[in-house]
Structures are given as C-alpha cells and as structure tokens.
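Reviewing the structure listed below.
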Amino acid sequence: MINDPATSLAPVLRPAATVMDLLRLGSLSSSRLSFSRSLIRKMGRQRWQIFQTRFDLDEHGYGEVIYRIQTPYARYHVVIFSRELDDAHRSDRVIADAWDLTFGLVEGDVEDTLMASLSENVPLQEAGRQHAKLLVISRANRSVRNFSAFVDQLSQGKQPEVALLHSAGYLYRTTAVYGNGKFGIADFSKLKENPDFRTPFSAQMLAVYVLRQFSIDQVEHIAAHRRGAPISLSTALKRYVGIGNSTGLGMAPFLINHPLLINQWVHMRETALALAKQQIPDEASQQRLLELMARASASLAECTIEDSEQNSRNEQVVLELDSVQAWLSQVPAEEDLWIQLTDWADAALSLETQELINTLLIELYPDYVDVLEDSMATEETMDLSPDMPLVQLKQLIETHMDWTLSDELQSTDGRYWFWYRSIEKEEPRLGIRGVDEGEEKELALAIGPRVQRVHCAIEAHLAEDPRALTIDYLMANPRESDIVRRIQTMAGSAYGEIRANLWHRDMKPMHLLRAKLSFLGAQRFDPRGDRWVRVTFFQGAPLLSELNAEPADLNDFDDWSFALSSGTVAEPPRTP
Amino acid sequence: MNVSFNELQSLSWKAFVGMGFSDGQASDAADMLCWMESYGLGGLKALNDALQQYSLEHPYAPPEIVYKDTDVTVLDANNVSVLACSHLPLELAFTQARARGLSVLKLKRCRQRQLIMGYLARLAGRGMNVTAFWRNSQQPLTEQVVGFRANSSVPSIRIYAVSELPEENKENTGITVILANHVDLLPTMRSEYQYDLLARHDEADLLELRSQAEKAGISVESALWEQLREFAKLTLVASTSTSRLGAGPGD
C-alpha cells in the first residue's frame, strides 16, 4: 500500500552525523536512484533506439565501430577504436598511454572530417586535442582471462562458462570516463539544457552502456571468424556480462571539491529512504522485499572477490540477510514494520547490511522515489557572506562542523597523510608527512583540519575584536577566503561534507571511492588495497535488443539490480 | 587551439596556485577570467598581459590600505593585476554598502582592470548595484564605465574617448567602484561633453556575445596555454618509484 503523497508527513531524514560518516559512505550500495539505473529507465520510457551503423573489425577484432543512439530529441553516436595492445602495456593506471580500446560519445552525426579527427585524437585520450562535439571520452582494457576464454569457448561452439564472470563480471573494464570539457570535449554546461543528459553522469553512463554491447558484439565477431560460421552468446549470458571499471585515488578529489553536488545526491537518497520507511507495508511489499533480499544475497554469494576484507564483509551481509529474511518471513505486516526493520539493522547489523536494506527499501516504492532522479543536479555556486558577524561564523562551525573540532591533529597519526598531485598525468597520490617529498604542494582536500585551524584563528581574532565581521577576519587572513566561503555555504546543506579527517593514518580512501561509485551505479566492489577498486556496471541490465524492442512492461525492464548468473530470481522464503 | 571553459577554469586555477595565489584567490581569479571569456570580452588577452608582467621572483604582494572609514576604502595595489588584489576589497565594499547604503572603493595602481568585471558580476548577482570607472589610456584619454543592476550578472559598458584633455592628466592606473544597495547605477552618457563613444554594450548585446562565445568555444594561443601549463606544473610533485606507490598498486 502506498500513502497518498498529499497527506504524507514530511519525511524524517537521518542526521548528517550518521549519514556522512566515512565508514558508512564506504558501505553504500547502488540504488534505483543511481545514474546507471535512471539512465536505463529513461531509455526504456522514452523508447531510445541504439543500433550499429558501422562495424569495421578485422578477424582479430581490431578496427572501428559506430553505434547510433536516437532519442526523442536528438541523435548521438558512440565511436569505438579497437587497436592491438601489447600485454606489457596494459595498465589501468591513469599514467598509461595505450589501451585495448578507446571510445567517445558524439553529439550529432559523425561525418568524414569529424571521424578523421576522432580517429587521430580519441586513441590518444589525455594527450590528444579532443573535438567539442564529443560529450564523453573513455578507454578500456580487456579482462584478458575472460576475453580469451569467451572467444576460445564460443569459437568451439560452446557457451562460455558463466563462472568466469563470477570473479570479474565483464570482458572490458574502463579506466577513466571523462566528461565536462576535459581535453577539449563539450562542457557539462552545454548539457544543462539538453533533456537527454541533464542528469549528472548520464552521458558517461550511456557511453559505458553501449560499450558493454560492443564487448559482446566483438567477442561474437572474433569467435565467428575463428569458427568460420556465425555464433552468438546466449541471451542469459549476454545479460550477465557487465562493464568493469578500475578506479583509483583520482576519484577522491571530486567528492571533496563538489560538496553541494554530493549534498544533493545524498539528500535525494535520504529522502527516498525516508519516504520508503514512511509507507505502510502490506503483504505484497513484504513479499517483494523478501524477493529482493534473496536476490541480493545470492548475487553477493556467487561473486568471487579477491580482497579478503571485502569478502568477509560480503559473507557477513549474506549471513545477516539470512536472519533478516527468517524474521521478515514470519512477522505480520504491521504499520511500522519498516521502522522495526531499520531500527534492528541499525542496532545489530553491519553497516554494509544496514545500507543494503536501505537500498532495498528504496526499491519498493518507485512511484515516490523515481521522481527524485530529476533532482540529482544542482547549481554549485558558493558565495561569501562578508557581513556575517565573525562570532556567527564561529557558531556555524561549532553547530554544523563540530566534527572537525574533535580531530586530533597534533599526533603523528592524526596528520599522517598528505594529498598531492604527481607530475605524472597529475595522478593524485598520498604521501607520508615528514617522510615523502611534496608536502609543500599539498592539496587542500582535508577539510576538517582546515576548519579546525580557522576556528582557532577566529577565536584569536574575536579575543581582540569581539564585534568583528567575517570580512575583517578575511582582510587579516586573506588565504582563508575559500574555506570560509565553504563553511558559510555548507552550513545550509546537511550532507555535503564527508565527516572524516583525510590526514589520519587510519583513513581509507577506498570508502571515498565507493561512495561515489555507488551513486554512479557500480556493483561488485572488489578493492585492490585501500586505494584502488574494481567494480562492474550494467551487469544484468537489459540488452540493446530488449531496449530496441520497446519494452511493454517498464517495471520489469527496470528490475535488473543484483544480477544472478542463472538469470532468474532466487526463490525466497515464503510468508506463512 | 580550442579549449573548453572547464579546461580554462581548471588550468588557470592551477596556474594561479602555481603563481602563489591562495586556493580561494585562484578560484576567484579563474572565475573572473572565464566570465570575461564567456562574454567575448577579451579575458585571455588581459591574462596574457598579466603573465608577461608577472615574475616568480617577485610574487604579488597583498594590497595595502591607504584609507578606510565606514563608507570609503582606498587601497594601493602596488601595480599587481586585479586578478590578485580585488576580491576581498570588493567584499569589504559590499559589506559597507549593505550597512551604509552606498560605498566607494578606490584601488590605486592596479593592472588588467577590465578583468574586475568578472567579480563585479558576482556582487551584482548577490543583489548589489555596482558601477566601476577607470581610464584605459591618458592620450588619447579614454574612459570606461561598467554598470551592473542588482541581481543581473550582465553589465552595461561604455568606452569613450574624451576630446578635450583636462589640464591635469597624470597617469591614472586606478579603478573606482561604487556600490549601492538600493539605487541603479547604470551608465548614461551626458550629451553636453564632447566625446567619441568607442564601444557600447548593453545587456542584450552581451547576452548575444555570450551565446556566440558558447557556440564557438574558446580559442587560445598555444604559447599562452603553454605558459599556463608551466605555472600549473609548479603545483605538481616529481614522480619517483616510491611516490607511485602513493596511488596504490593500480593494476
């Protein structure tokens, strides 16, 4: 049963102190508000059509392929360049300069002169001068093991073993997906009036989604050449093929440098959760939640994750979900069932299980939640309030950024790391303070320590001049204008600041990466240490053929989270 | 070469940090530059001039307050670009105008004064009426007036040459900014003086210029871009096999 929104009470959102804790952010799962999910929904709803217009690959799969995307408003093309790559040069790091393939999403048609320019520059990625008609550029490397095995087995007339995709759910993994004006491509501001790509990262998600189809088409093409006859992967297997992504520290600065955008994303997710918890459960929604739990649990159980710590976390989730399902299948659908469930989870279950349950609750109420996807973008202007009394600025810090004041910054552990950019492709790196080179060029990413320092300086200034204004302080401390502007702006936004000391020795950058990746729609988090992670996008998502067939049941079309290799939903425990 | 606005914003920010600006100062300066370019008002040419005059051996010093009361502030900018010296004095004038209805800021001895429009737009967007005046040259005497209505980020601009030189025509590299909380300060030319109107841009013209600039993208001289990159490199740390580990294993 769904409450009438007109009579609903305003949803009660979780406090920022809970939500913005770095450990919790590092436990988020992607949800139906994630950008990959909302893109697929939109494409289905608006009847987008995507098909090949060029497929010039040799028998080894090298060459050029173009896919056309037709929306109700405009036409785009994804242009892919597949080139031979020596195994020794295959690297996922940003400092790499060659990849198995490179590709871009182009606005409009690809005439010959544009194709010539793309062919010359897209394969160079950062080193090229990219065309302004490109909305996205990216590159990808093969999962060598999966790609070879898929081609080998398919060329022998066999369907590849699905177990191959349990440890890496893809044939290719992207290593960076660039948008917003990078290296000469179109600015995001150009897309703000474009109804197709107003949602952040939707253009990037589309390019990655089309690449998934290419990976399937290319494997079938090479296998057919070897076999001397056409051969296809099964539909179930194609669906279970995703696109990987390998992400390092390069993603971390984004979360710190876009606090208003992060606030918007988290605010929408929290609103969705609060709306879901506010609904009165019935037997159907209870049963649906059990189904989703069973699927999520089975999906996690069948993944092979190399990282032992993440593996343990997944195993714990599976165990805890077993208990939750046992309980949920036996209790009546009381009005406050969702509150009972989340209260129990908060008190007794791991962070990862808590957030997975939240994700699944959000999944239950598309009528309320999906409208929020139109509010994932925001203006990111931060303005100074120079006439704010300085004592009020101090109060804002103590009220809204109190977590920064408790950071222990004097100890070696409390100020252990510093962040910097290397001259090698500006790769963000972490150095040990007092040990590694580059401290004098530290990036100001650790907001907590900066706010604490400003708080101390304000106290000193107020001791001299109790009636001072913010501008008086800044005229005396001009290098603090950006952090003061940030404090004043973010005091009005609950969820923009990640509550962690990014200098601390125990800080795990992995949590930052996972937070952003979950909003993009990543699944199967497989960390490589604490600064690198491999994930999968679009595993289980509908295929181009299903999209082009104009799905009649859009709810079914959208129901692809927590993919299972069997292609079917695991049988949940039945309600009594 | 053509570049995107985001590239210009990002690279100029890094370059300004490399030149010794604070992060906030660099961010404001990059915004000022991009604002000028977005309206086709020659931001890059002014930046080029600023870079030619800049030396790492003599980084910009902060402006010095010459006079200040509750309504008027006079600062000596020591011949540095407004990119480096104007944002906090303008915020001070904004504060005074909020409190007193009107304020005057005089920035003496500053360079690339037209770039100040980028920051004035921000103040106007926060509900302040703003007018700025400066002399572009002494002989012939040309003057420029820029006015923003409160809550509009698009100015009216008048550039004109005065036919009759005043007796006192000492070089004036200052800029005067008037901020009014409640009164429009848009420039209107008086007819009883002899002058040649060299340029007149009103909001509609500038919006059209902005639309053209957005379509055309930004064309930048390779030498200037390279110079920005060189300054930006000063923010980067040399790479070693040890520092590579600072990004994790990667593969």
Summing Lys, Arg as +1 and Asp, Glu as -1, what charge do residues with Cβ under 11 Å from the Cβ of residue A:341 carry, residue A:341 excluded?
-3
Hey, any idea what the orientation-averaged projected area of the convex hull of segment B:2-237's Cα atoms comes to, in nm²?
13.5 nm²
Peptide A:415-421: average number of partner chain Cβ atoms within 10 Å per residue?
2
The FRET efficiency for residue A:309 and residue A:391, from their Cβ-Cβ distance with R0 = 41 Å and rounded to 0.05, is 0.35
With θ set to phi - 60°, apply the Karplus curve 6.51 cos²θ - 1.76 cosθ + 1.60 along segment A:229-244 and write out the HN-Hα couplings as whole Hz, x wherever there is a Gly or Pro.
7, x, 8, 10, 6, 5, 4, 4, 5, 4, 4, 7, 7, x, 10, x
Counting other C-beta atoms within 10 Å, which of A:215, A:323, A:38 has the fewest, and how do the rest follow?
A:323, A:38, A:215
Find out how many positive minus negative residues lie around residue B:166, taking Lys and Arg as positive, Asp and Glu as negative, among other residues whose Cβ is under 15 Å from that of residue B:166.
-3
Excluding same-chain residues fewer than 8 positions from residue A:158, which lysines have a Cα within less than 30 Å of its Cα?
A:238
Could you give the size of the charge dipole of segment A:280-364 about its Cα centre, using +1 on the Cβ of each K and R and -1 on the Cβ of each D and E, expressed in debye and rounded to the nearest 20?
160 debye
According to a simple spin-label model (label point 7 Å from Cα along Cα-to-Cβ), what is the distance in nm between residue A:335 and residue A:59?
7.3 nm
Can you list the residues, at least 5 places off or on another chain, whose amide H is less than 5 Å from the amide H of residue A:422, using H built in the peptide plane?
A:427, A:429, B:237
Charge sum, other residues only, whose C-beta stays under 12 Å from residue A:115's C-beta, Lys/Arg counted +1 and Asp/Glu -1
-4
Treat the protein assembly as shown as a sphere of radius equal to its Kirkwood radius over Cα pairs and apply Stokes-Einstein at 4 °C in a medium of 1.567 mPa s; give the translational diffusion coefficient in µm²/s, rounded to a whole number.
45 µm²/s
Could you give the size of the charge dipole of segment B:39-113 about its Cα centre, using +1 on the Cβ of each K and R and -1 on the Cβ of each D and E, expressed in debye and rounded to the nearest 20?
220 debye
Give the calculated FRET efficiency between residue A:476 and residue A:51 to the nearest 0.05, with a Förster radius of 60 Å applied to their Cβ-Cβ distance.
0.40
If neighbour count is taken as other Cβ atoms inside 10 Å, put A:427, A:111, B:167 in order from fewest to most.
B:167, A:111, A:427
If A:138, A:167 are placed from fewest to most neighbouring beta carbons inside 10 Å, the sequence is A:167, A:138
In deg cm²/dmol and to the nearest 500, what is the mean residue ellipticity at 222 nm of chain B if only DSSP H runs of at least 4 residues count, each as -39500 (n - 2.57), divided by the residue total?
-12000 deg cm²/dmol
For a test of understanding, tell me how many lysine pairs in chain B have Cα atoms under 17 Å apart, given they are 8 or more places apart or on different chains.
5
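A short reminder: the numbers here are calculations on the coordinates, not readings from a lab. These numbers were taken from a predicted model, which means no experiment stands behind them. Cβ coordinates were reconstructed from backbone atoms using ideal geometry, including for glycine residues, and neighbour counts include every protein chain displayed.
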